[in-house]
2 protein chains.
Amino acid sequence: MSKIAVGIIGLGTVGTGVLKLLMDDPRLRVKWVAVREIKRPRDIDLSRTRVTDNPLDVVNDPEVEILIEVAGGVGPIFELMRTAIERGKHIVTANKELIAKHGAEIFQLAQRNNVTVLFEAAVGGGIPLISTLQRGLQANRISRVAGILNGTTNYILTAMEDRRIGFEEALAEAQRLGFAEANPRDDIEGFDVAYKTTILASLAFGRFVDVESVYRQGISDITDLDISIAKEFGYRIKMIGLAERRPEGLDVRAHPMLLPVHHLLASVEGANNAIFISGSAVGDVMLVGPGAGQMPTASAVVGDVINLASALHLPDFAPYFQPAIDCEHSRACPIEDSESAFYLRFEASDTPGVIGNLGRAFETHNVSLHSLLQRGVTRDGAATIVLLTHPTREAGFAGALREIESQPTTRRIGIALRVFRQPA
Amino acid sequence: MSKIAVGIIGLGTVGTGVLKLLMDDPRLRVKWVAVREIKRPRDIDLSRTRVTDNPLDVVNDPEVEILIEVAGGVGPIFELMRTAIERGKHIVTANKELIAKHGAEIFQLAQRNNVTVLFEAAVGGGIPLISTLQRGLQANRISRVAGILNGTTNYILTAMEDRRIGFEEALAEAQRLGFAEANPRDDIEGFDVAYKTTILASLAFGRFVDVESVYRQGISDITDLDISIAKEFGYRIKMIGLAERRPEGLDVRAHPMLLPVHHLLASVEGANNAIFISGSAVGDVMLVGPGAGQMPTASAVVGDVINLASALHLPDFAPYFQPAIDCEHSRACPIEDSESAFYLRFEASDTPGVIGNLGRAFETHNVSLHSLLQRGVTRDGAATIVLLTHPTREAGFAGALREIESQPTTRRIGIALRVFRQPA
């Protein structure tokens, strides 16, 4: 049997890992690699493959059957993927932003052209999440998927907790060790988790979710004080992607949460990722593993390529392989309609009336207090107040928060975080 | 499209769960259910299916395309499966004993008859282990699989630790709560884990392992003292199935082990199962979830059935689906050739010379001591001695143990347990 010709777009960290894994595969031949700079010296043998800086060379080669996209980004890459699909090429991609933003169009186009688009590496790095949702749990109606989907933020939060250091210090450390990028915005501000959660929600619930409708909050306002007080209350703070089926619709969001210390997700540390899946028949299943890194991500990409390659000879196999996702876009429920318990930290002047004001704001908006803690007084006469509420409508809490913010005794709102809710 | 006709052999706990999940599936029709006693009243509507007490009715019906075997046992069921495969039926089974003992023959027969045999439910209950090994981690060479594969023993060991109760009391409790069977031998003595580990090893390493060559030790000799001393040493005792690729061959075994408390597997509690997979590209991945129970097991069975049904129209799809396992049997390496650190508890008379005798036995057999603890003296003048060794050849430790046993100062060997080894 002749080898299946494959093209790789992008030869960064992941692309190099993919090439390493594919080089000696007896079933496949990497015919093309498209790079940005041809002349750059590289840590890998390129003598057996054609190298180009024009990705259209790869897309236009009729011999190439599988296109591996590990370049990242959306604008020009989206155009390139469209062309490749129209040319009948199967796609394997690690590009979460592309699938989260343009998944519906890409899937429709793939269907019309009878090709397959696989993207195991886009979520959870090396953890076989997508095969699990798509194959392993077929008999289940998935009610909820909750995950630690970003190694950078999990590394930072773990470091802050373990060594009682601040956010900036933990971020600098993560950057030094290669767990965070020089420009960490996508990770720190939750964009990365929002993309991944959007994809998980689409797979779990069978319809594409509009990524713009997904609520997002980053971790940069979390202090070591929040982490230690959360611990006193019996929680750990984790950056969570959550997708839940609710009577009102799909609840999809990406934000830090207080997780009960005994929850399985709470014990996932450092750069690991984890995903917690609740299914109608199976109950709760969790998968843990490396969420990023060269070889784990390459493992997921090449897994898709091998599965695809081993089925390519089957006639009409694409619809079997392609995840069944309705291409009509759904919007996630507005966050205002959801319900959570809240953690709040704010600074107030050390004067009488602070707690009374707080109580009135909560009463007006029907928010019920669970625990309250006042911490010392700073040199400038401010007291730090930390509290937990009972579960409450998001809109009610937001109203109370606005009122607290406007009270003369309030100096500054520090942070408001949601508490992970155990399903009823 | 007409519905695919399915037959179920066995309507116990799992079979009833399977029928519940399949009853309303638009793609499938449960045409037959074979039961042991037709007249027994059942908690499920059987009006839409034919019920027989002769399984050959199902196997001989040419309309049935998929046979679901949830009866258990090996003798007559093995014969029945052979007949079904020869009649061209695809098989979905939850029967770990059948696959562990006769997998090679069944797979060969399936290949000759161009049918598929799936068995996701045989290992790890509802956890999609097999799809992960077979699909998700395709790009990896698996070096080791280690798992908590038996909910009964994990429940008992967790209960002994949490509530400081003895083995018998914990077993009785597990039986009362339905986590252990009236005859618990298969679980307690490690047969169940040995079957499951054999299957995992076959999948992970691509060749069938002879179940008779798999070393097995049960948990009934473990006392609450062992659990609390292990904890002092920094370990938790777990029943582990281990399959590892070693230069000498395949190391496959099922026995309790001391796991470092910080290992991910150590935190898996109660009736949950977990599997820890080490792959060449991905690194370490862990899956956790319910390892038994009606609906989790049914979830795995029906997942296989749905995956199979959705591909049945593809011509020549069986070889793609069938896990690639070499049907030539391999034997696991003899346990004598392996290397472990050991935990040993024994009773000695409270006389001088005990520690000297111990030291001589270890020296003769080249075993090096790591920690030693002597606990009080009982009314009849016996002292309990507990120790940990450094990693040592199994044969050397066995020799030392025989020598210790024969020393006049030794009253009784309590238990010897292996310590989980982190791969180099």
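The values are calculated or read from the model by the stated rules, or taken from the named source; none is laboratory data. Predicted model, so just to flag it, every value in this text is computed and none were measured. For neighbour counting, all protein chains shown are included, and Cβ atoms are generated from backbone atoms with ideal geometry for every residue, glycine included.
Taking the criterion of being under 11 Å from B:GLY151 (Cβ atoms) and assigned to a loop (DSSP other than H, G, I, E, B), the residues of the stretch B:178-194 that qualify are B:GLY178, B:PHE179, B:ALA180. The set of residues in the stretch A:274-291 that are touching a strand residue (DSSP E or B) at 6+ places or on another chain (Cβ under 8 Å), of a type in the set (Gly, Ala, Ser) and facing chain B (nearest Cβ under 7 Å) comprises A:GLY279, A:GLY283, A:GLY289.
Of all residues in the stretch A:166-189, those that are assigned by TED's automatic domain parsing to the domain that holds A:THR223 and within 15 Å of A:ALA292 (Cβ to Cβ) have Cβ atoms under 6 Å from Cβ atoms of residues that are of a type in the set (Phe, Trp, Tyr) and part of a helix (DSSP H, G or I), 6 or more apart or on another chain, in A:ALA174/A:TYR155; A:PHE179/A:TYR155. Across the stretch B:134-160, which residue is farthest from B:ALA274 (Cα to Cα) among those that are among the hydrophobic types (A, V, I, L, M, F, W, C), in contact (Cβ under 8 Å) with a residue 40 or more places away in the chain and out of contact with any strand residue (DSSP E or B) (no Cβ under 7 Å at 6 or more places or on another chain)? Among them, the one singled out is B:ALA139. Identification of strands (runs of 3 or more DSSP E) wholly contained in the stretch A:195-260 with 2 or more residues that are aliphatic (A, V, I, L, M) and not assigned by TED's automatic domain parsing to the domain that holds A:HIS102 yields A:235-246, A:249-260.
In the condition set (1) within 14 Å of chain B (Cβ to nearest Cβ); (2) over 25 Å from A:GLY103 (Cα atoms); (3) touching a helix residue (DSSP H, G or I) at 6+ places or on another chain (Cβ under 8 Å), A:SER299 is compliant with all but (2). Pairing each residue of the stretch B:370-398 that is in contact (Cβ under 8 Å) with a residue 12 or more places away in the chain and outside any strand (DSSP E or B) with any residue that is among the β-branched types (Val, Ile, Thr) and surrounded by 14 or more Cβ atoms within 10 Å (Cβ to Cβ), provided the two are 6+ apart or on different chains, yields C-beta distances under 7 Å for B:GLU394/B:ILE335; B:GLY396/B:VAL367; B:PHE397/B:VAL367; B:PHE397/B:THR389.
Need the failing condition index for B:ILE240 against (1) more than 8 Å from chain A (Cβ to nearest Cβ); (2) surrounded by fewer than 20 Cβ atoms within 10 Å (Cβ to Cβ), just the number. Exception for B:ILE240: condition (2). Taking the stretch A:284-366 and the helices (runs of 4 or more DSSP H) fully enclosed by it, the elements with 2 or more residues that are modelled with pLDDT of 95 or more and surrounded by fewer than 19 Cβ atoms within 10 Å (Cβ to Cβ) are at A:354-364. Scanning the stretch A:251-273 finds one or more residues that are free of Cβ contacts under 8 Å to residues at least 12 places away in the same chain, surrounded by fewer than 24 Cβ atoms within 10 Å (Cβ to Cβ) and within 10 Å of chain B (Cβ to nearest Cβ). Number of residues in the stretch A:376-424 that are closer than 26 Å to A:HIS263 by Cβ and not hydrophobic (A, V, I, L, M, F, W, C) equals 12. None of A:ILE91, A:ILE99, A:ILE106 is within 23 Å of A:TYR195 (Cα to Cα), more than 14 Å from chain B (Cβ to nearest Cβ) and touching a Leu at 6+ places or on another chain (Cβ under 6 Å) except A:ILE91. Inspect all residues belonging to the stretch B:274-288 and state whether any of them is closer than 30 Å to B:VAL14 by Cα and over 17 Å from the mean Cα position of the chain (by Cα). Scanning the stretch B:274-288, I find at least one residue that is closer than 30 Å to B:VAL14 by Cα and over 17 Å from the mean Cα position of the chain (by Cα), so the answer is yes. Filtering the stretch A:96-121 to residues that are under 14 Å from A:LEU200 (Cα atoms) and in contact with a strand residue (DSSP E or B) (Cβ under 6 Å, 6 or more places away or on another chain) leaves A:GLY103, A:ALA104, A:LEU118, A:PHE119.
Considering the conditions (1) over 28 Å from B:ILE277 (Cβ atoms); (2) touching a Gly at 6+ places or on another chain (Cβ under 9 Å); (3) among the aliphatic types (A, V, I, L, M); (4) within 14 Å of chain B (Cβ to nearest Cβ), A:ALA318 is excluded by exactly one of them, (2). Selection over the stretch B:118-168 of residues that are touching a helix residue (DSSP H, G or I) at 6+ places or on another chain (Cβ under 6 Å), part of a loop (DSSP other than H, G, I, E, B) and among the aliphatic types (A, V, I, L, M) gives a count of 3.
Residues are listed down the side, and each one gets a yes or a no for (1) crowded, with 19+ Cβ neighbours inside 10 Å; (2) touching a residue at least 60 places away in the same chain (Cβ under 8 Å); (3) of a type outside the set (Asp, Glu):
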residue	(1), (2), (3)
A:ARG40	no, no, yes
A:PRO55	yes, no, yes
A:GLU63	no, no, no
A:ALA71	yes, yes, yes
A:MET81	yes, no, yes
A:GLU86	no, no, no
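Scanning the stretch B:367-388 for residues that are touching an Asp or Glu at 6+ places or on another chain (Cβ under 6 Å) and exposed (fewer than 15 other Cβ atoms within 10 Å of the Cβ) yields a total of 2.
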